[in-house]
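As structure tokens, the structure follows; a few thoughts come after it.
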Amino acid sequence: MWETFDESSAVFFEHFYDALAEGDSVSTAIAAGMYALSTDPGEYDHPVDWAPFLLIGDPNQRIVDPDRTPMGAFNHGVRLAQEGDKQGARAAFQLAIDSGSAEAAPRAAFSLGMLRSEEGDTEGALAAFQVAALSGDPDMAPRAMYCIGLLLADRDDVEGARAAYQQAIDSGHAGIAPMAANNLGGLLATHADIEGARAAFQQAIDSGDSDAAPMAANNLGVLLADQGDIENARTAFQYAIDSAHSRSPREPQARLERCSASMEISQALGWPCRPRSTAATRW
């Protein structure tokens with residue numbers, strides 16, 4: 001049996017008790033402590049530091065119900081939602097939110113917002129998304145602002161939706177900011193802010209995002225054709241076609257052909273500009 005050392009033991013037990021507090025079993029907590037030491041860059045990575053710790057007793061014992069920890073409650077809520085137990089999922093998500101956990105609460109708030117939205121509870125969804133948005137979480141906050149924009153746009157709250165989309169854009173989130181720019185362009189286009197819509201669509205295109213850029217190019221082409229700018233509409237449609245987007249480019253191809261066939265706007269447009277939301281503009 002090797003002896004243990006005060007310095008390495010302190011590090012071991014810090015990780016050991018953290019794991020127990022998160023609902024892990026004793027055996028998992030010991031493994032977490034040993035792993036933390038063994039992967040320590042140069043100080044306690046020798047076996048003499050991490051190998052002496054042994055478990056005597058029930059390896060499956062827990063001191064905390066894993067479903068009652070913040071992340072446990074969040075994960076439990078996800079499982080319940082997948083199983084169709086929406087009431088149980090709401091309760092589990094709320095438990096994680098109330099914990100104030102920097103990791104679990106924003107995820108739970110966003111998930112609760114999605115659940116409320118699916119149930120048609122717009123006010124409840126907005127409230128939950130707002131919690132996630134105010135958390136400052138670099139991933140969940142932009143996603144929440146994007147969803148707030150969608151819900152407010154559905155209620156014709158143009159200024160509120162515009163502000164929400166803009167916050168999502170300003171976050172710089174790699175996946176969300178381009179989609180928000182595309183949706184902002186659609187919102188502005190449907191409310192006659194043509195220059196603002198063009199700028200927003202172009203921002204989404206310039207992002208190079210594999211989803212948002214081709215959709216924004218398609219929407220920009222429709223907008224430009226509607227304004228009689230057929231040449232630039234052709235360019236936008238061609239970009240959407242050349243993007244090799246995973247979805248079928250039949251519609252932008254058809255619009256490009258209509259633009260090429262005639263300079264008449266009525267022939268250039270086959271359908272109204274309706275890029276209010278991302279889902280409505282995918283081909």
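Note on the range 92-109: among residues that are among the polar types (S, T, N, Q) and modelled with pLDDT under 95, the one that is farthest from Pro142 (Cα to Cα) is Ser99.
What are the residues in the range 106-132 that are under 18 Å from Asp85 (Cα atoms) and aromatic (Phe, Trp, Tyr), if any?
Start the filter on the range 106-132 by keeping residues that are under 18 Å from Asp85 (Cα atoms), which leaves 108-121, 124-125.
Of everything in the range 106-132, just one residue is under 18 Å from Asp85 (Cα atoms) and aromatic (Phe, Trp, Tyr), namely Phe110.
Is it the case that Glu14 is out of contact with any Ser or Thr (no Cβ under 7 Å at 6 or more places or on another chain), in a helix (DSSP H, G or I), at pLDDT 75 or above and loosely packed, with under 13 Cβ neighbours inside 10 Å?
Working: out of contact with any Ser or Thr (no Cβ under 7 Å at 6 or more places or on another chain): yes; in a helix (DSSP H, G or I): yes; at pLDDT 75 or above: yes; loosely packed, with under 13 Cβ neighbours inside 10 Å: yes.
So Glu14 fits the description; yes.
Can you pull out the residues in the range 168-215 that are touching a helix residue (DSSP H, G or I) at 6+ places or on another chain (Cβ under 6 Å), more than 19 Å from Val158 (Cα to Cα) and small (Gly, Ala, Ser)? If the condition is that a residue be touching a helix residue (DSSP H, G or I) at 6+ places or on another chain (Cβ under 6 Å), more than 19 Å from Val158 (Cα to Cα) and small (Gly, Ala, Ser), then Ser171, Ala204, Ser207, Ala212, Ala213 are the ones that fit. In the range 161-178, the residues that are at pLDDT 95 or above reach residues that are of a type in the set (Val, Ile, Thr) and part of a helix (DSSP H, G or I) with C-beta atoms within less than 7 angstrom, at least six apart or across chains, in these pairs: Ala164/Ile148; Ala168/Ile176; Ala177/Ile169.
In the range 231-238, the count of residues that are farther than 24 Å from Arg162 by Cβ and surrounded by 24 or more Cβ atoms within 10 Å (Cβ to Cβ) is one or more. Here the condition is being at pLDDT 95 or above and of a type in the set (Gly, Ala, Ser); of Ala192, Ala225, Ala200, Ala212, it holds for Ala200 alone. Considering the conditions (1) surrounded by 17 or more Cβ atoms within 10 Å (Cβ to Cβ); (2) of a type in the set (S, T, N, Q); (3) more than 26 Å from Leu152 (Cα to Cα), Asn218 is excluded by exactly one of them, (3). Among all positions in the range 148-159, there is at least one residue which is of a type in the set (Lys, Arg) and in the same structural domain as Arg107 (by TED's automatic domain parsing). Out of Ala89, Ala163, one residue alone is touching a Leu at 6+ places or on another chain (Cβ under 6 Å) and in a helix (DSSP H, G or I). It is Ala89. Within the range 142-176, being of a type in the set (Gly, Ala, Ser), surrounded by fewer than 24 Cβ atoms within 10 Å (Cβ to Cβ) and within 23 Å of Ser210 (Cβ to Cβ) holds for Ser171, Gly172, Ala174, Gly175. Only one entry in Leu95, Leu55 is touching a Ser or Thr at 6+ places or on another chain (Cβ under 9 Å) and within 29 Å of Phe13 (Cβ to Cβ), namely Leu55.
The values are calculated or read from the model by the stated rules, or taken from the named source; none is laboratory data. In this text, all values refer to a predicted model and were calculated from it rather than measured experimentally. When we count neighbours, we look across all protein chains shown, and the Cβ atoms used for this are built from the backbone with ideal geometry, even at glycine.
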